[in-house]
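In what follows, a structure is listed as structure tokens, so that the remarks can point back to it.
The values are calculated or read from the model by the stated rules, or taken from the named source; none is laboratory data. Keep in mind it's a predicted model, so treat the numbers as computed, not measured. As a convention, Cβ positions derive from the backbone with ideal geometry for all residues, glycine included, and neighbour counts pool all protein chains shown.
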Amino acid sequence: MATFFTSAFDQGDLHRALRAYSRADACGAGADPDLHFNKASVHRYLEEYPQAVAELQYAGELDPTLPVASALRDMRQLVREMAKMVSSRCSLSPARLRTVLDKALPPDRDPSLDALAGRGPAPLASLREGANTALAVTCLVMATPKTDVPIRFVVSDRDGTFAAVSVFNMLEGKARPAPLAPRFASRGSRPSWRLSAARREGRGVSD
């Protein structure tokens, strides 16, 4: 897993680490509490929270001295904080949010997004759980909760749909809340957004 932190925070490193831990588990290391604690860390970075909780609880059963309680508390706090920001739309009134979005995300079509994704920007509400290929989404960063890797943002598109976004290949401090309006776009030979439906809030903004 160390490769993940010394490279570009590539999710592939996490999946490889998880496979290595699973092989070690199958080869008889299943009673090693550190193995399960480390597997929990990988699942946490991948945002696979149910698996992370299960591994942490098992690690705690094997070794009560491990900092399982604090790890579980930190995960719960992060998920609750992000969910609250999304569901409350960062506590902005509809009128205030509409003003902010109109100023930061003008309705004019950006041709650079057409060249990047082969079409105009897609609204967040159009994304579906799983891979969303060849899409560009223009969002306003509304909040940047204090987290480690992946870097997390609470964003809104022009329609007022809020979402929690995790970026694995960006160093902390490279983006900040409004008035920045970064373009999140899928890239690569098989570009895609990967969305967790539970982390999307689809309410629009009233005029």
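Here L14 meets the list (1) surrounded by fewer than 14 Cβ atoms within 10 Å (Cβ to Cβ); (2) at pLDDT below 90 almost entirely, failing just condition (1). Within the range 115-134, the set of residues being under 17 Å from the mean Cα position of the chain (by Cα), modelled with pLDDT under 80 and in a loop (DSSP other than H, G, I, E, B) comprises E129 only. In the range 23-70, the residue that is modelled with the lowest pLDDT out of those that are within 30 Å of G130 (Cα to Cα) and exposed (fewer than 13 other Cβ atoms within 10 Å of the Cβ) is A26. When the range 39-98 is filtered for residues that are touching a residue at least 60 places away in the same chain (Cβ under 8 Å), assigned to a helix (DSSP H, G or I) and under 25 Å from R16 (Cβ atoms), the ones remaining, listed by number, are Y45, L78.
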